[in-house]
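Structure first, commentary second.
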Amino acid sequence: MARKIILFLSEYKESAKERRYRCPVGDDVIGAQTNEAPVHYLLRQYSNVNEIICIVTERAKEKGWEVFQNKIREENVDVAVTEVPYEEGSDFAEGALTKIMEKVRAGDEVLLETTGGFRNAVMDMLLLSRVLSYVGVKTIGAVYSNYQKAEIEDLSRLIGFFDLVGGMQELTSFGSVKSLRAYYAETDDQKIEGLLSAMENLYETITLCKTKRIDGCMQ
């Protein structure tokens with residue numbers, strides 16, 4: 001299993017100054033470039049990150065790539081920083097997404113840094129997260145660097161909601177609660193456990209055509 005950070009690389013403005021950001025957990029982090037502080041936070045909070053996959057436009061390549069690599073290596077010389085070239089305005093699914101899929105495999109875990117890039121970059125990140133989930137790659141965290149508030153915001157729960165929605169779709173389409181069980185794996189709420197078990201019983205009853213048991217399962 002490998003653990004990777006994925007981000008859209010931002011340009012580096014020469015006038016940018018280092019700024020201190022509050023974090024959801026632990027001490028503050030410092031960074032000047034848009035991606036820098038949130039990546040430092042992710043590297044601190046999640047162990048065994050072995051690669052940072054950067055989606056890089058030509059402008060970001062020219063005005064941010066070298067600076068970002070140097071800043072990361074100052075903190076962690078072992079993590080690989082990989083470039084995925086991307087032309088702004090091109091089809092993300094046929095370009096960068098395909099190249100990223102070649103760099104991961106089932107069982108890997110990814111962390112999303114969603115600050116960098118253009119306006120629809122976050123939507124591309126959400127698309128990436130959904131597609132990766134279908135090949136066995138789990139998104140375990142996501143962050144955003146809020147410049148106005150000077151804090152790193154944790155978006156992991158938002159990503160999790162997409163798993164919940166996907167689980168509900170799976171339930172209504174196929175009667176399966178597999179994804180819902182995965183979403184609620186760490187809960188100790190007995191009402192949720194009871195509901196999931198009841199759903200499983202109903203699904204099994206319908207699958208096995210035990211029609212006399214359906215009314216009882218519905219109750």
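The values are calculated or read from the model by the stated rules, or taken from the named source; none is laboratory data. Please read all numbers here as calculations on a predicted model, not as lab measurements. When we count neighbours, we look across all protein chains shown, and the Cβ atoms used for this are built from the backbone with ideal geometry, even at glycine. We work out accessible area using only protein heavy atoms, side chains counted, and drop any ligands, DNA or RNA first. Shrake-Rupley method; radii C 1.70, N 1.55, O 1.52, S 1.80 Å.
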Q: Please work out which one of (1) out of contact with any Asp or Glu (no Cβ under 9 Å at 6 or more places or on another chain); (2) closer than 24 Å to L155 by Cβ is the condition E66 fails and give its number.
A: (2)
Q) Looking at (1) touching a residue at least 12 places away in the same chain (Cβ under 8 Å); (2) aliphatic (A, V, I, L, M); (3) closer than 25 Å to Q219 by Cβ, which is the only condition V143 fails? A) (3)
Q: Would you tally the residues in region 132-143 being at negative phi and more than 11 Å from the chain's Cα centre (by Cα)?
A: 2
Q | Enumeration of residues in region 147-165 that are assigned to a helix (DSSP H, G or I) and either polar (S, T, N, Q) or modelled with pLDDT under 70 (or both) | A | S156
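Conditions (1) of a type in the set (A, V, I, L, M); (2) within 26 Å of R105 (Cα to Cα); (3) touching a Leu at 6+ places or on another chain (Cβ under 9 Å), marked per residue:
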position	(1), (2), (3)
I6	yes, yes, yes
E11	no, no, no
P24	no, no, no
D27	no, no, no
G31	no, no, no
H40	no, yes, no
N50	no, yes, no
I55	yes, yes, yes
A60	yes, no, yes
Q.
Please count how many residues of region 134-165 are loosely packed, with under 13 Cβ neighbours inside 10 Å and in contact with a Leu (Cβ under 7 Å, 6 or more places away or on another chain).
A. 0
**Q.** Unique residue being open to solvent by 50 Å² or more (accessible area, probe 1.4 Å), touching a strand residue (DSSP E or B) at 6+ places or on another chain (Cβ under 9 Å) and farther than 11 Å from L9 by Cα when the list is N50, N70
**A.** N50
(Q) For region 175-219, give me the residue count where each residue is touching a residue at least 12 places away in the same chain (Cβ under 8 Å), over 26 Å from I159 (Cβ atoms) and of a type in the set (G, A, S). (A) 1
Q | Every pair of residues 6+ apart whose Cβ atoms lie under 6 Å, when the first sits in region 72-97 and is farther than 10 Å from I52 by Cα while the second is at pLDDT 85 or above and open to solvent by 30 Å² or more (accessible area, probe 1.4 Å) | A | V84/K99
(Q) Looking for something at pLDDT 80 or above and farther than 16 Å from I55 by Cα - is there at least one such residue anywhere in region 121-130? (A) yes
